[in-house]
Amino acid sequence: MNAYLTAAMFTITGFAFIASTLLISRILRPSAPNPDKLETYECGPLPVGDAWRQFNLHYYLFALVFVVFDVEAAFLYPWAVAFKLEGPYAVAEMLIFVALLLAGWAYAWKRGALEWE
Amino acid sequence: MSLPPLRRPAPTRTGFECDPAFVAGQFAAGVAVLVAAIAVASALPRLPWGLVDPLLVLIGSHPVINALIKALTVTVFVTVHVIFLIWLERKFAGWMQARLGPMHVGWKGALQTIADAVKLLMKEDIIPTRADRILFIAAPFLTFMPTLLTFMVLPFSEKWVAYDFPLGILFVLAVTTNISLGTLAAGWGANNKYSLLGGARACAQVLSYEIPMAVAMLSVVTLEGTMSLTEIVKHQQHGWNIIAHAPVMIPAFLIFMVCGLAELNRTPFDLPEAESELVSGFHTEYSGMRFAFFYLGEFAANFFTAGLAVTLFFGGWLGPWLPAPIWFGIKTIAVVTLFMWIKWTVPRLRVDQMMGFCWKFLVPASVVVFCATAVWVMVAGS
């Protein structure tokens, strides 16, 4: 309960800190907008079209492999705290689990999921 | 007939000199602030605390107020130390490149960051009309709030920790991932092609390098059998992890450091903001205070990652003679300086090199280190 409370307080304080600073800034700063100033800066010249268009980001295969490995880490954290109670048997089990995972990783590499075109 | 001299004599004033009286004034102001701070700090213990103590205890024991005081303290600390870190980084960069760095405001430019903060506070705020307004405004919040939240579990000493969470490391992993959400929101919301590429790169990079980082931290958890950061430090009473368990902990530390650099978007992994290819990456469109919060979050994360490395591998607050928080501070600043050293030494990687290095080398290497740690613990235990 206390953990939630502290975390909530940190989040609220962080939010209030940014909001209040932006409010102070709003009082202090000048405001003289004009259409040219409010144009997207990009790299100086007038931007051509929107940035929100479809293009191939190349990252989705990494995202799939990421999910697999992140779940692995989530499984292994409780194991790491408790495995001393179980002894060598638990270590052997973990090694089999990791070996299966690495086999999947090697397969993904062989299929070209980790290559950049 | 005399010709005019080929080379004109150097002008006595270029306009770039600083007015000595102005510098003296700035310097005096800096000294006055410092003296006032020291005077206040030394007077604090002598104040009649006995009179107000019962009241303070009564107020402080209320859980909500207690948590609020902790949160406010950490927020103030984060802001103040970032001001110091930015000055340190600029001086360090100057030193590495044989120049002086900030010199004019305060002692050796010590107040430069404060002047910059005031300047940013008074800068006009620009939200491009074509941007996604909600995401654009939300992005600084989404980057800074998780960074602040991570400080909740960072132990400065046995007592100086906002909340001694038994699942500290898991909490850190869960919270730090959210920072990339803010980066992605900034990249997408700005409606700027370079920002979008920068945001996508940042997301891919932070997610990819989180795997080896999580597994390197998993090695420490395997070694210590606990996820609480204070417990991990207490277990290092008789020798820091990196010395007592050197064969497995040195590789784990190296992997942790490389991943830390990538998570912080620092060179050689500064692809998300690569100024020579992406203008300034995900925060190109930001100005004034909104930009300042990205910067603040970045440096706070810098301190946090260094502090985490110190906690996991270098015995946290442990050390002789000096008080515990000072030891923690010294070690953390040392690791931060190491980050700066690397930043100003190495060039940037290419995107394919960056992704390839993570997935083809760091991921299997971290898994091997983790398995070796498990075997090491079994051998040492029997």
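The values are calculated or read from the model by the stated rules, or taken from the named source; none is laboratory data. For clarity, every value in this text was computed on a predicted model and none was experimentally measured. In this analysis, Cβ positions are derived from the backbone assuming ideal geometry, glycine residues included, and neighbour counts consider all displayed protein chains. Only protein heavy atoms, including side chains, enter the accessible area calculation; ligands, DNA and RNA are left aside. Shrake-Rupley method; radii C 1.70, N 1.55, O 1.52, S 1.80 Å.
Placing a label point 7 Å from the Cα of residue B:342 along the Cα-to-Cβ direction, the residues of segment B:202-218 whose backbone N falls under 16 Å of that point are B:205-217.
Extension gain for residue A:5-residue A:61 works out to 16.4 nm (0.36 nm per residue, less the C-alpha to C-alpha distance).
For segment B:60-381, what does the convex hull of the Cα positions come to per residue, in cubic angstrom? Write down the numbers at each step before the final one.
Working: hull volume 47.4 nm³, N = 322.
Expressed per residue, the convex hull around the Cα atoms of segment B:60-381 is 147 Å³.
What you get for segment B:60-381, charging only the Cβ of Lys and Arg (+1) and of Asp and Glu (-1), is a dipole of about 480 debye around the Cα centre. Entry note, chain B: relative contact order of 19 percent, from Cα contacts under 8 Å with a spacing of 6+ residues. Interface residues of segment B:176-191, defined as those losing at least 40 Å² of solvent-accessible heavy-atom surface relative to the isolated chain (probe radius 1.4 Å), are listed as B:188, B:191. For chain A, the square roots a ≥ b ≥ c of the C-alpha gyration tensor eigenvalues yield an a/c of 1.5 or more together with a/b not exceeding b/c, which makes the shape oblate.
Counted by Cβ distance under 14 Å from residue B:70, the other residues give a net charge of 0, where Lys and Arg count +1 and Asp and Glu count -1.
Of the residues B:266, B:348, B:99, A:26, the one with the largest accessible area comes first in the ranking A:26, B:99, B:348, B:266, computed with a 1.4 Å probe on protein heavy atoms.
What ranking of A:58, B:104, B:283 comes out by heavy-atom accessible area, probe 1.4 Å, highest first?
Working: A:58 60, B:104 95, B:283 20 Å².
Reading off the accessible areas and sorting them downward yields B:104, A:58, B:283.
Give the angle, between 0 and 90 degrees and rounded to the nearest 10, that separates the Cα long axis of helix A:88-110 from the longest principal axis of the Cα atoms of chain A. Helix A:88-110 sits at roughly 60 degrees to that axis. Residues considered: B:89, B:277, B:285. Largest GNM mean-square fluctuation over chain B, using C-alpha springs under 10 Å, is found at B:277.
Under a 1.4 Å probe, what is the accessible area of segment B:60-381 per residue, stated in Å²? Write down the numbers at each step before the final one.
Working: 12060 Å² over 322 residues.
Normalised by residue count, the accessible surface of segment B:60-381 is 37 Å².
Only the Cβ atoms of Lys and Arg (+1) and of Asp and Glu (-1) were treated as charged; on that basis the dipole of the protein assembly as shown about its Cα centre amounts to roughly 1120 debye. Only protein heavy atoms count here; on that basis, with a 1.4 Å probe, residue B:184 has an accessible area of about 70 Å².
Could you state how much accessible area is buried at the B-A interface, both sides summed, with a 1.4 Å probe, in Å² to the nearest 100?
Details: alone 21050 and 10980 Å², together 25310 Å².
Protein heavy atoms only, the B-A interface buries about 6700 Å².
A probe of 1.4 angstrom, applied to the heavy atoms of all protein chains, finds residue A:12 with accessible area near 100 square angstrom.
Could you put B:358, B:371 in order of accessible surface area, largest first, with the 1.4 Å probe and the full protein assembly present?
Details: B:358 0, B:371 25 Å².
Listed by decreasing accessible area, they come as B:371, B:358.
How high is the FRET efficiency between residue B:104 and residue A:89 when r is their beta carbon distance and R₀ equals 60 Å, given to the nearest 0.05? The pair residue B:104/residue A:89 has a calculated efficiency of 0.35.
With helices defined as uninterrupted DSSP H runs, which ones in chain B have an alpha carbon span along their own long axis of at least 18 Å and mean Kyte-Doolittle hydropathy of at least 0.0?
Details: long enough: B:20-43 (34 Å, 1.93); B:63-96 (48 Å, 1.34); B:133-150 (27 Å, 1.57); B:193-224 (46 Å, 0.89); B:246-263 (25 Å, 1.96); B:288-313 (38 Å, 1.18); B:324-343 (29 Å, 1.42); B:363-381 (27 Å, 2.07).
Flagged H segments are B:20-43, B:63-96, B:133-150, B:193-224, B:246-263, B:288-313, B:324-343, B:363-381.
Approximating the spin labels as points 7 Å out from Cα along Cα→Cβ, the residue B:159-to-residue A:70 distance works out to 4.0 nm. Enter the angle in degrees (range 0 to 90, nearest 10) between the Cα long axis of helix A:60-86 and the first principal axis of the Cα atoms of chain A, meaning the one along which they spread out most. Approximately 50 degrees, to the nearest ten.
Between rounded, prolate and oblate, where does the protein assembly as shown land on the alpha carbon gyration tensor, with a ≥ b ≥ c its root eigenvalues, rounded for a/c under 1.5, else prolate if a/b exceeds b/c?
Numbers: a/c = 1.67, a/b = 1.24, b/c = 1.34.
Oblate shape, in that a/c is at least 1.5 and b/c is the bigger or equal ratio.
Annotation: residue B:376 carries an accessible surface of approximately 80 Å², with a 1.4 Å probe and no ligand, DNA or RNA atoms counted.
Which number comes out as Rg/Rh for segment B:84-174 once both Rg and the Kirkwood Rh are worked out on C-alpha atoms? Mind showing how you got there, number by number?
Working: Rg = 18.8 Å, Rh = 17.0 Å.
Reported Rg/Rh, Kirkwood definition of Rh: 1.11.
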